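Down below is the structure, laid out as structure tokens.
Every number here is computed from the coordinates shown, using simple stated rules; none is lab data. Just so we're clear, the structure is a prediction, and the values are computed from it rather than from any experiment. Note that each Cβ is placed from the backbone with ideal geometry, even for glycine, and that neighbours are counted across all protein chains shown.
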4 protein chains.
Amino acid sequence: MASKAFYAVVAGVGPGTGAAVALRFAKAYPVVVLARKPESYNDVVADIKKSGGKAIGISTDIADPESVASAFATIKKELPNTKLAAAIYNVGGGFGVKPFLESSIEEIDASLQSSPRGLYNFAKASLPLLLESTEDSPYPPTLLVTGATASLKGSARFGLFAAGKFAKRALAQSLAREFGPKGVHVAHVIVDGIIDIPRTAQREANGGAPDGKLKPDQNADRGKQIAENYWFLHTQHRSAFTQELDLRPYVEKF
Amino acid sequence: MASKAFYAVVAGVGPGTGAAVALRFAKAYPVVVLARKPESYNDVVADIKKSGGKAIGISTDIADPESVASAFATIKKELPNTKLAAAIYNVGGGFGVKPFLESSIEEIDASLQSSPRGLYNFAKASLPLLLESTEDSPYPPTLLVTGATASLKGSARFGLFAAGKFAKRALAQSLAREFGPKGVHVAHVIVDGIIDIPRTAQREANGGAPDGKLKPDQNADRGKQIAENYWFLHTQHRSAFTQELDLRPYVEKF
Amino acid sequence: MASKAFYAVVAGVGPGTGAAVALRFAKAYPVVVLARKPESYNDVVADIKKSGGKAIGISTDIADPESVASAFATIKKELPNTKLAAAIYNVGGGFGVKPFLESSIEEIDASLQSSPRGLYNFAKASLPLLLESTEDSPYPPTLLVTGATASLKGSARFGLFAAGKFAKRALAQSLAREFGPKGVHVAHVIVDGIIDIPRTAQREANGGAPDGKLKPDQNADRGKQIAENYWFLHTQHRSAFTQELDLRPYVEKF
Amino acid sequence: MASKAFYAVVAGVGPGTGAAVALRFAKAYPVVVLARKPESYNDVVADIKKSGGKAIGISTDIADPESVASAFATIKKELPNTKLAAAIYNVGGGFGVKPFLESSIEEIDASLQSSPRGLYNFAKASLPLLLESTEDSPYPPTLLVTGATASLKGSARFGLFAAGKFAKRALAQSLAREFGPKGVHVAHVIVDGIIDIPRTAQREANGGAPDGKLKPDQNADRGKQIAENYWFLHTQHRSAFTQELDLRPYVEKF
């Protein structure tokens, strides 16, 4: 279902979920990837091009409304006569898990900047464009937001991280209720587990069980992996929208 | 991905979700449908055969453990050398929405029989078979359970209905946590809205908006409808299992 | 605030929460205690009388609507011209935590009988009486229901237990929404932890920490214990009703 | 149970919940009230003094860590040899309910500043002091946080407001899990309804039903009103801590 007239935009592409999602959507659409620095998006842009897709990387400070506006202005210039079909917010943000009394105000600020404030900027720029696609995009236009276990539960030493994740979920849920009836599909994905990327190679998950981490690659032989789930959400008919999807390895405790 | 060596079983097939799910799974597997009376499954069995699939209907009282055991004994005879890949519990059960003080003990019994007790019997019979398929089924073997808005929220006059739905969800969630690590995918689907079937034709949903009801048919031109979501859950890789999926029309208030 | 014209009824009085709640409410009202066997209520009846209160024990099979009706008929005879101010449902029910495939249909039936079905009978008998007290009882008439951690979360091997608890919560929540606007306060109490009674003396809780179990007695020197929380719920003004209260020892993981 | 050696601090005192809570705690402790401007706390300070209590008002910008540190330095000087027994965070913050696309970045910043960031500063300053009181305060030292319906649910047009409230709840819940085992009681109060204050006099609640708004005053004749619930949470024994309390008028839809 490739479409020349529509594109997707992904904010936050490291080597994990964001890159995998960008690659998946690139099978159907030109994909714009936003990240603070070219180092973060160069690889995925190259990978998409190598597999025959079209990709553009734009350096963007997602917490800064002007930087986001400028990124979308660049998109308009680079992809004329092309409409937005899907926008994915996958910005991670400061982790900062530590005893509360050892934390700093800068750490909660980092969590709030990257999670609710960044999503605010991204949604503010992309929702007007998604609204323009409700009649003719291949699937209902979609805004997908990546969350985590800490989006649902505040744990000891996870307060700052959870504050950002809860807030992001609140915004995603509110937008789903406001923009769903207008034909835009807003969904929140709870990724509950460790992503299997080089940076996490040394972190044991679930006792080292096979497939104990979420796999951001595309070559599953026995089922759909994480990126395919994002794509599936995008392809739901408007009579059957999901608002929140949880994803976790079969061995994950929850 | 048709497989001759595996089958699916669907309990509860009226003209809505159950029939649509059976038809979808029949594209890949022979499908056994269980319902109290042949009137309930004759149509879907005929539809599956017409489209080139294989289907068997078995009259079963899902609340009765012996009737369920007998149904699975029949399956074993009818489908020798065939293993279970997916089991779907879609039994509706007594609705009975009314002022609490006008309700009767028979009505809460009906809700408890069809929801948690029926699922108990169905899970008890199917889980040992699903465990036998973890190594070689096309996708991780799957137990899917249909829930409703009332699975999450008890509303005025919905107490009896919600009691059954909450209990069914409790059981599904507990089974997910017990059998997930053994390789069986257990998921619960929250269907939040009215299914578009002849019986509901006169019930206005969402102000009569187009696509304001969930569509159990297969012919969507712009996105995956309800049955395709059940199939998607079945095809998730074991590194990315969903435990609970909500589905609702874009115009549904929630 | 003792009142001669009003009474309380407590279903389910073992040596723990039920007995403590009965003793607490007996400071203000005559208390009727319902339990299957006199052995279960004799002690608390004696304790209440010893401390100057009035108590009546009635043998009742709470899962049997006729037995419950008969108990309330007895109450009417024993306490003429006395109106119901508070009804507390504290029936425990079969625990049965075990691997699902080792469980039996009798065990899920026991869970469903004692939890949702028993509450159904108790609510059916007490709500009409509570409705008669909305104008003149000392505090808004109240129906309190005891739940557990398993009311909110289905864990591995806890499916049967959780099915009953979830269903009971569904009913309590639905009744709160239906009867709140009529002036009856319905609340559900999540008791998350082990009650400190002789039967649990050998069960270590929270590494043996002091006050690591919930205390059903009345003699706290530094704060209100479990029974006092039930009483507090009863005494909330109708402008500030709580629907669900969680209670757990400070050291409890949750 | 007045105590000369302990005090309470309340951040956010308008004419509603904050003032009522301050008055209630002033029956037992000297109370420090923090608000941005003297106009906000002058009345409650006067009211407390009039009823024989001790009160101090300190102008504080709760979103500014230095202003909060300075306030607590002032407290130390003003109340020497006095330890902290209870800290209540009741700061409201920008409401800003409007269509998302009409909102501004300043509005989400206001929500995040007053809710999670302000609570962060307040908790950072008060938790070390509460930890010093675990052995000898009259009741377990307590941090109470006021939330709202929007702490649990993101509604259309409420996204910015909900983002702040969700984040505040995440932090409160995380702190409860981290500091509970150390003996500090952290609880979150969901106030679900309109507070009955002059500013809301023209807002009809629940069809104008009597007691259809939460009452911040102290003179209930038939039950405990909102401030008494905060006090009750403070007086819970450490074997029976509540983490989250919902409060709503009997006629409130939820």
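Please report the relative contact order for chain C, taking Cα pairs under 8 Å with a sequence separation of at least 6, and give it as a percent rounded to a whole number.
Values: 486 pairs, mean separation 47.4, N = 254.
So the answer I get is 19 percent.
Decide, for the range B:84-202, between rounded, prolate and oblate: order the square roots of the alpha carbon gyration tensor eigenvalues as a ≥ b ≥ c, take rounded if a/c falls under 1.5, and otherwise choose prolate if a/b is larger than b/c, else oblate.
Numbers: a/c = 2.52, a/b = 1.94, b/c = 1.30.
Cα axes put the range B:84-202 in the prolate bin.
I need the phi-derived Karplus couplings for the range B:185-190: 6.51 cos²θ - 1.76 cosθ + 1.60, θ = phi - 60°, integer Hz, Gly and Pro marked x.
8, 10, 9, 10, 10, 8
Semi-axes, largest first, in whole Å: what does sqrt of 5 times each Cα gyration tensor eigenvalue give for the range A:129-254? Intermediate values should be presented prior to the final figure.
Numbers: eigenvalues 163, 77, 22 Å².
For the range A:129-254, the ellipsoid semi-axes come out as 29, 20, 10 Å.
Give me A:L79, D:L34 ranked fewest to most by other Cβ atoms within 10 Å of their Cβ, as a rough exposure proxy. Provide the component values of the computation, followed by the final result.
Details: A:L79 18, D:L34 31.
Listed from fewest to most nearby Cβ atoms, that is A:L79, D:L34.
Give me the distance in nm between label points sitting 7 Å out from Cα along the Cα-to-Cβ direction at D:E78 and C:A73, one decimal.
Modelled inter-label distance: 6.7 nm.
Taking N as the number of residues in the range C:6-247, what is its Cα Rg relative to 2.2 N^0.38 Å?
0.97
How would you rank A:V91, D:V9, going from fewest to most other Cβ atoms within 10 Å of each one's own Cβ?
If I rank by nearby Cβ atoms, fewest first, I get A:V91, D:V9.
Lys and Arg at +1, Asp and Glu at -1: add these up for the other residues within a Cβ distance under 9 Å of A:V191 and post the number. If you can, show how the numbers build up before the last one.
Values: positive: A:R248; negative: A:D192, A:D246.
My count for the surroundings of A:V191 gives -1.
Lys/Arg Cβ at +1, Asp/Glu Cβ at -1, dipole of chain B taken about the Cα centre: which of B:F72, B:G193, B:P30 is farthest positive-ward?
B:P30
Compute the FRET efficiency between C:V97 and B:S51 as 1/(1 + (r/R0)^6), taking r as their Cβ-Cβ distance and R0 = 56 Å, and round to the nearest 0.05. Don't skip to the end; give the middle numbers.
Numbers: r = 45 Å, r/R0 = 0.81.
The computed FRET efficiency comes out at 0.80.
In nanometres, what is the gap between the two model label sites at D:A201 and C:R36, each 7 Å from Cα along Cα-to-Cβ?
Once both label points are built, they end up 6.0 nm from each other.
Quick one: grab the alpha carbon gyration tensor of the protein assembly as shown, order the square roots of its eigenvalues as a ≥ b ≥ c, and give me rounded if a/c is under 1.5, else prolate or oblate depending on whether a/b is larger than b/c.
oblate
So who's got an amide H within less than 5 Å of the one on B:V9, skipping anything under 5 residues away but keeping other chains? H placed 1.01 Å off N, in plane.
Counting only residues 5 or more places away or on other chains, the set is B:V32, B:A86, B:A87, B:I88.
Loop-only chymotrypsin sites (Phe, Trp or Tyr not before Pro) in the range B:82-136, please: DSSP not H, G, I, E or B, and at most 16 other Cβ atoms within 10 Å. Spell out each step's value before the answer.
On the way: sites: B:Y89, B:F95, B:F100, B:Y120, B:F122; in loops: B:F95.
Qualifying residues, ordered by number: B:F95.
Could you tell me which trypsin sites (Lys or Arg not before Pro) in the range C:214-254 are loop residues by DSSP with no more than 16 other beta carbons within 10 angstrom of their beta carbon? It would help to have the intermediate numbers written out before the result.
On the way: sites: C:R222, C:K224, C:R238, C:K253; in loops: C:R222, C:R238, C:K253.
Listed in order of number, the matching sites are C:R222, C:K253.
Quick one: of A:K98/C:K224; B:K168/D:K182; B:K165/D:K253; C:K124/C:K213, which pairs are farther than 26 Å apart, Cα to Cα?
On the way: A:K98/C:K224 32 Å; B:K168/D:K182 38 Å; B:K165/D:K253 22 Å; C:K124/C:K213 33 Å.
Correct reply: A:K98/C:K224; B:K168/D:K182; C:K124/C:K213.
Can you give the FRET efficiency to the nearest 0.05 for C:K27 and C:S59, using r as the Cβ-Cβ distance and R₀ = 30 Å? Mind dumping the intermediate values first?
Details: r = 25 Å, r/R0 = 0.83.
Efficiency, from the Cβ-Cβ distance: 0.75.
Per the helix-only calculation at 222 nm, which mean residue ellipticity applies to the protein assembly as shown, given -39500 (n - 2.57) for every DSSP H run of n ≥ 4 and division by its residues, nearest 500 deg cm²/dmol? Could the numbers behind the result be given before it?
On the way: 28 runs with 353 residues, N = 1016.
The per-residue figure over the protein assembly as shown is -11000 deg cm²/dmol.
If you count, for every residue in A:227-237, the Cβ atoms of partner chains within 10 Å of its Cβ, what is the mean? Don't skip to the answer; put the middle values down first.
Values: counts 1, 5, 5, 0, 0, 7, 2, 2, 6, 11, 15.
Counting other chains' Cβ atoms within 10 Å and averaging over A:227-237 gives 5.
Per-residue mean of other chain beta-carbon atoms within 10 angstrom of the beta-carbon, peptide C:181-187?
Working: counts 10, 2, 3, 1, 2, 0, 1.
Shielding by partners across C:181-187 averages 3.
Would the range D:1-123 count as rounded, prolate or oblate if I go by the C-alpha gyration tensor, calling it rounded below 1.5 in a/c and otherwise prolate when a/b exceeds b/c, oblate otherwise? Let's see the in-between values first.
Details: a/c = 2.60, a/b = 1.85, b/c = 1.41.
In terms of gyration-tensor shape, prolate.
Placing +1 at every Lys and Arg Cβ and -1 at every Asp and Glu Cβ, with all other atoms neutral, what dipole size does the protein assembly as shown have around its Cα centre, in debye to the nearest 20? Don't skip to the answer; put the middle values down first.
Details: 120 positive and 100 negative charges, 0 e Å.
So the magnitude is around 0 debye.
Which residue, D:E106, D:E66, D:E228, tops the fluctuation ranking in a GNM of chain D built on C-alpha contacts under 10 Å?
Top of the fluctuation ranking is D:E106.
What is the magnitude of the charge dipole of the range A:97-254 about its Cα centre, with +1 placed on the Cβ of each Lys and Arg, -1 on the Cβ of each Asp and Glu, and no other charges, expressed in debye to the nearest 20?
Numbers: 19 positive and 18 negative charges, 65 e Å.
The calculated dipole for the range A:97-254 is roughly 320 debye.
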